[in-house]
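Participant: One structure follows; several queries about it will come next.
The values are calculated or read from the model by the stated rules, or taken from the named source; none is laboratory data. This one's a predicted model, so the numbers in the text were calculated from it and none came from an experiment. All Cβ positions, glycine included, derive from the backbone under ideal geometry; neighbour counts span all protein chains shown. The accessibility values were calculated without ligands, DNA or RNA, using every heavy atom of the protein model including side chains. Shrake-Rupley method; radii C 1.70, N 1.55, O 1.52, S 1.80 Å.
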Amino acid sequence: MWVFNSIFGKIFEIVFFPFKSMTPWIGMIFISFLTALLMLCVFRFTSHQQGIKQVKNKIKAHLLEIRLFKDSLNVSLRAQGNILRYNLKYIGYSIKPLMVMIIPLILILIQLNLWFGHQSLTPGQEVILKVEVDEDLSLLDTEFLIESSSGLVIETPPLRIEETREVNWKLFAKETGIHELSMTVNGHRIVKKVAVAQKSLNKISPVKVRRNFIDELFHPGEAPLPANHPIKSLEIKYPSNYMSLFGWRIHWLIVYFALSIIFGFALKGVFKVEI
Amino acid sequence: MNRVNRRDFIKFALSSGALLTLGSGSELVTKTLGKSDTHKKVLILGLDGMDPHLLQIWMKQGKLPSFQKLWNQGDFRRLRTSTPPQSPVAWSNFITGMNPGGHGIFDFIHRDPESYMPKFSGAEIKEADKTIRIGNLVLPLSGGEVKLSRKGRAFWQILEDHDIPATVFKMPGNYPPAPTKQRTISGMGTPDLLGFLSHFNYYTTEFAEVKEDIGGGEIHEVYIAENTVEASLPGPVNTFKKDRPDSSIDFKVHIDPFNPVAKIVIQDNEFILKPGEWSGWKRIRFKMIPTQSVNGICMFYLKQIRPEFKLYISPINIDPAAPALPISTPSNYSKELEKRFGPFFTKGLPADTKALDNNVLDDGEFLEQDDFILNERLEMFEHELSRFDSGLLFYYVSSTDQRQHMFWRHIDKKNPIYDPNQAKKYGNTIENIYREMDRMLAKAMEKTDKDTVLIAMSDHGFSPFHRSFNPNTWLYENGYHALINKWRQGREDLFMNTDWSKTKAYALGLNGLYINQKGREGEGTVNPGVEKEALVREIIQNLESFRDPQTGENPVLKAYATKDVYQGSQMDKAPDIIIGYNQGYRVSWSAPLGRIPKNILEDNREKWSGDHCMAPEVVPGILVTNQKINIDSPALFDLTPTILQIFNIKKTEGMIGKSIF
Amino acid sequence: MGKAKMKLDKDLMKKVKKFSEISGYSSPEEFITHCLEKEIAKLEESDSEEEIKKKLKGLGYIS
């Protein structure tokens, strides 16, 4: 899984590379544009284009029918029935391309969450490091050795919470940069990257997980820990990120879907795709 | 669309496009009203409670170079304060150019004459009178209202009429902010989210600390089970539900079994604190009904984990980003400040003096909190100062007042709880805040050009507070006030033990004394006119001649018949007598809300050890300006016509002062 | 003013006597009257009065 994640992740790094110092909006517009292109391609080659065209024409015709024969209840009702029927047929035609698109789209969304989902830390900020440990590791008897590079300060002794099987520390971001945090537990050493960056668009991986298909799928930003590691996961609780527009805070997912749809409709004529 | 419109449209589209691409960097800035730049500018620093005596001592010692420089450039005077010298009254004199007879603010606390019940003088809350009830829910059909009680127009409203821009930052006694298009944000008088003037929460495992009734906060007893404390943070009353329950938020504190560290989890906030650490602002949301919630901000302070667990949560401030009550004009102004500075203190007097008085916070912890307040205030000052280029800027600081109230005992060897060791540690707190204000003034002076009138002023000065006076006990012992049961004396607030049918006078609030007047009070006994007039004179004479058997001094320096000292349309609501206490004396802690303790005089053993609710002659304020002052003893209400005159505006009807320049 | 008699448990009466002396009441009657008055006052004091006190007691100048 990590091989796939690292290659797929690299593609996004290349795509976003030129936009890292610009407002996240540019990167967002660009990726939405690419997504629209991808969706149009998928639609073009996996859907029944002729069928969609016919269905849409039929719907238009029946709409016209309703307007022309608005005095005749009979005709209107029949036309409305037909519109409903062709709408269902239209949905039927769209299912195939949607099915084809859904898996790549989920993979893309998971990647985008690394870029847009979290704010990187700023100097002076505090953040929680949360380590989830294995069921059979004693929280109180295990020594957690933790070290950090100089730009990052470990402010507290370990806080062990039996209820959730986790150990917490408070970290303080002193300087900008990508800092390394290393932890040794029962002779196993782990290194986790912590981003205190000033670029506007950063790739931030909050969670490092143990080798496991599902966990790796949803946390693709970093190489996983070996499957037998006493630590289940290591998480930096970065603050959530929002995109800001005229003072409004909007979740990036909404912006992404809205822009992709706008681009999709704007470009469908250019690529002669029926949607 | 004609050509011009289209061009405008394109411009608009381009600029909004630019804003869009700016993304997070874009911000909308609240404009002040003024359309044209003014030639003259007025910059006023309102330094609450700054005392002329201390100012002069430290100026002489060269510790306040900016104040000295400003005096050399212009002038310095003791500023006559209001009667009584309480901040809401004093600042209202300044705001309106009237005295309490005109603006109707006589004290922090007024009363309802019908029921004798005390009420806060600043604002009245009217709940929605039309509601609809669906099952357990009560939905308002018309909006409730918070109404400013002060009468008369504020000087920035008059400036607005003349198109002169003004920014008025945290003017006391202006909650809710008087309607205006000028940039204003409310200060003293603004409640916390629960509608209280101040209400902290304190969670402790130490049983001895749990008291039933402490003013200004609540102490909760908690237990540690499996290294976790589970507790609940009380929120505002849920008026959407039929039985009006208090809302609340449950939270958890996880404690390490051995290490001194804890994690607090409340809603989506999760943060780690060591003992002695503050959390910074945390935003919380009280859910009322599925579509309605109320936002607040508060700070956590983990005082101690072992041997006893102690957690303090500051009063919940109204969230400036989504204010549940009106705190600024235009309403955007508080949001704009929040965007730039993050959450900030919105509660009227932000420092938690009640927590210090109740030993929930100690001197050092209180100062840490007040430093947050002061630093935030200074940061915002630089922001406002940097964009001040026309009209008027008024900027207010509360830390001067609050630190003098709480730390006077460290510079006053005669204070009943003076402790030389503590004095060594905190004895320079007051001097330091004066020096901090000197640095602030320096910044203002840098910004001052030849067309700028710069004024540094305070609403009153300060005096020690050694002994407290129970006016109702004095009235009772002199036959003016009657009790139902003698043995109940001193046990209840709100005149619960008063026999009104035999009572001629009662004291309520910090300086007010009222005659139990027929036709005005619910159970009045004294006829208005000659009978009342004679009684007023008699009480004044007896009050002024009363001596403290312990010191031989007169606790009351001067008592004023309000009909002699007030003018204006609000006289019918005024107390009949204002008690002006002598230096070292003040009303007792429990008398303002109608308690009648057994002794007339008591030592003040509280940490709140400096005060100003005395006779105005005892506690004048300061007035330092870069212009020559042309009148001998200027008063607060003289500054209002002064401001207007600088902008060539005539003083309005009802203003009683005259320009000082 | 008329008087009414009330029955009290013997053990309780002992305690009442003991504590009325300790807290300095002139008689057990006065002590009991005070206790009852206090409890009734608590019940009588309406929510709005409690609310008034809570609202105003945040003011630094009073307690």
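Participant: Got a number for residues in segment A:233-259 being part of a helix (DSSP H, G or I) and surrounded by 13 or more Cβ atoms within 10 Å (Cβ to Cβ)?
Facilitator: Number satisfying all stated conditions: 6.
Participant: Hey, among the residues in segment B:392-418 that are open to solvent by 10 Å² or more (accessible area, probe 1.4 Å) and of a type in the set (A, V, I, L, M, F, W, C), which one's nearest to the chain's Cα centre (by Cα)?
Facilitator: So the residue we want is B:408.
Participant: Looking at segment B:161-203, which of its residues are among the β-branched types (Val, Ile, Thr) and more than 14 Å from chain C (Cβ to nearest Cβ)?
Facilitator: B:164, B:167, B:168, B:180, B:184, B:185
Participant: Being out of contact with any Gly (no Cβ under 7 Å at 6 or more places or on another chain) and on the phi < 0 side of the Ramachandran plot is the requirement here; does residue A:24 meet it?
Facilitator: It is false that residue A:24 is out of contact with any Gly (no Cβ under 7 Å at 6 or more places or on another chain) and on the phi < 0 side of the Ramachandran plot.
Participant: Let me spell it out: the conditions are (1) assigned to a helix (DSSP H, G or I); (2) open to solvent by 60 Å² or more (accessible area, probe 1.4 Å); (3) more than 27 Å from residue B:613 (Cα to Cα), and residue B:389 meets all of them except one. Which number is the exception?
Facilitator: Just one mismatch for residue B:389, condition (1).
Participant: Further question: Any residue in segment C:1-26 that's modelled with pLDDT under 85: show its pairings with residues that are open to solvent by less than 100 Å² (accessible area, probe 1.4 Å) and assigned to a helix (DSSP H, G or I) at Cβ separation under 6 Å, as long as the two are six or more apart or on different chains.
Facilitator: C:25/C:31
Participant: Of the residues in segment B:485-526, how many are more than 14 Å from chain C (Cβ to nearest Cβ), more than 24 Å from residue B:85 (Cα to Cα) and among the aromatic types (Phe, Trp, Tyr)?
Facilitator: Looking only at that region, the number is 1.
Participant: Residues B:356, B:367: which one is among the aliphatic types (A, V, I, L, M), within 14 Å of chain C (Cβ to nearest Cβ) and more than 30 Å from residue B:72 (Cβ to Cβ)?
Facilitator: B:356
Participant: Please go through (1) away from chain C (no Cβ under 14 Å); (2) surrounded by 22 or more Cβ atoms within 10 Å (Cβ to Cβ); (3) of a type in the set (S, T, N, Q) for residue B:86 and return the number of the only condition it doesn't satisfy.
Facilitator: Result: residue B:86 fails condition (1) only.
Participant: Taking residue B:506 as the residue in question, decide whether it is under 29 Å from residue C:51 (Cβ atoms) and within 33 Å of the chain's Cα centre (by Cα).
Facilitator: yes
Participant: Further question on the same structure: Have a look at A:120, A:138, A:150 and point out the one that is within 14 Å of chain B (Cβ to nearest Cβ) and surrounded by fewer than 15 Cβ atoms within 10 Å (Cβ to Cβ).
Facilitator: The conditions single out A:138.
Participant: Here is a list of conditions, (1) in contact with a Leu (Cβ under 7 Å, 6 or more places away or on another chain); (2) buried (at least 22 other Cβ atoms within 10 Å of the Cβ); (3) in a strand (DSSP E or B); (4) not charged (D, E, K, R), and residue B:185 meets all of them except one; can you say which number that is?
Facilitator: Of (1) in contact with a Leu (Cβ under 7 Å, 6 or more places away or on another chain); (2) buried (at least 22 other Cβ atoms within 10 Å of the Cβ); (3) in a strand (DSSP E or B); (4) not charged (D, E, K, R), only one is false for residue B:185: (1).
Participant: Taking the residues in segment B:233-243 that are of a type in the set (A, V, I, L, M, F, W, C) and assigned to a strand (DSSP E or B) as candidates, determine which candidate is farthest from residue B:128 (Cα to Cα).
Facilitator: Restricting to residues being of a type in the set (A, V, I, L, M, F, W, C) and assigned to a strand (DSSP E or B), the top hit is B:233.
Participant: For segment A:213-232, does any single residue satisfy the condition of being under 30 Å from residue B:338 (Cα atoms) and open to solvent by 40 Å² or more (accessible area, probe 1.4 Å)?
Facilitator: No, that holds for no residue.
Participant: Restricting the search to segment B:558-571, which residues are in contact (Cβ under 8 Å) with a residue 40 or more places away in the chain and open to solvent by 80 Å² or more (accessible area, probe 1.4 Å)?
Facilitator: Across segment B:558-571, the qualifying residues are B:558, B:567, B:569.
Participant: Suppose we keep only residues that are farther than 20 Å from residue C:57 by Cα and not in a strand (DSSP E or B) within segment B:587-613. Which one would you say is least open to solvent (accessible area, probe 1.4 Å)?
Facilitator: Taking the candidates together, the pick is B:600.
Residue by residue, here is whether (1) within 23 Å of residue B:299 (Cα to Cα); (2) touching a Leu at 6+ places or on another chain (Cβ under 9 Å) holds:
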| residue | (1), (2) |
| --- | --- |
| B:357 | yes, no |
| B:368 | yes, yes |
| B:374 | yes, no |
| B:383 | no, yes |
| B:386 | no, no |
| B:398 | yes, yes |
| B:420 | no, no |
| B:428 | no, no |
| B:454 | no, yes |
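Participant: While we're here: Run down B:66, B:92 and say which single residue is within 25 Å of residue B:645 (Cβ to Cβ), at pLDDT 95 or above and touching a helix residue (DSSP H, G or I) at 6+ places or on another chain (Cβ under 9 Å).
Facilitator: So the residue among B:66, B:92 that is within 25 Å of residue B:645 (Cβ to Cβ), at pLDDT 95 or above and touching a helix residue (DSSP H, G or I) at 6+ places or on another chain (Cβ under 9 Å) is B:92.
Participant: Taking segment B:466-484 on its own, how many of its residues are closer than 30 Å to residue B:557 by Cβ and either within 14 Å of chain C (Cβ to nearest Cβ) or open to solvent by less than 20 Å² (accessible area, probe 1.4 Å) (or both)?
Facilitator: Number satisfying all stated conditions: 12.
Participant: Is it true that residue B:119 is free of Cβ contacts under 8 Å to residues at least 24 places away in the same chain, open to solvent by 50 Å² or more (accessible area, probe 1.4 Å) and within 14 Å of another protein chain (Cβ to nearest Cβ)?
Facilitator: yes
Participant: Determine if segment A:118-128 includes at least one residue that is hydrophobic (A, V, I, L, M, F, W, C) and assigned to a strand (DSSP E or B).
Facilitator: yes
Participant: Which is away from chain C (no Cβ under 14 Å) and closer than 27 Å to residue C:62 by Cβ, of B:270, B:226, B:206, B:277?
Facilitator: B:206
Conditions tested, residue by residue: (1) free of Cβ contacts under 8 Å to residues at least 40 places away in the same chain; (2) open to solvent by less than 60 Å² (accessible area, probe 1.4 Å); (3) out of contact with any helix residue (DSSP H, G or I) (no Cβ under 9 Å at 6 or more places or on another chain); (4) within 14 Å of chain B (Cβ to nearest Cβ).
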site: A:35; (1), (2), (3), (4): no, yes, no, no
site: A:40; (1), (2), (3), (4): no, yes, no, no
site: A:79; (1), (2), (3), (4): yes, yes, no, no
site: A:112; (1), (2), (3), (4): no, yes, no, no
site: A:124; (1), (2), (3), (4): no, yes, yes, yes
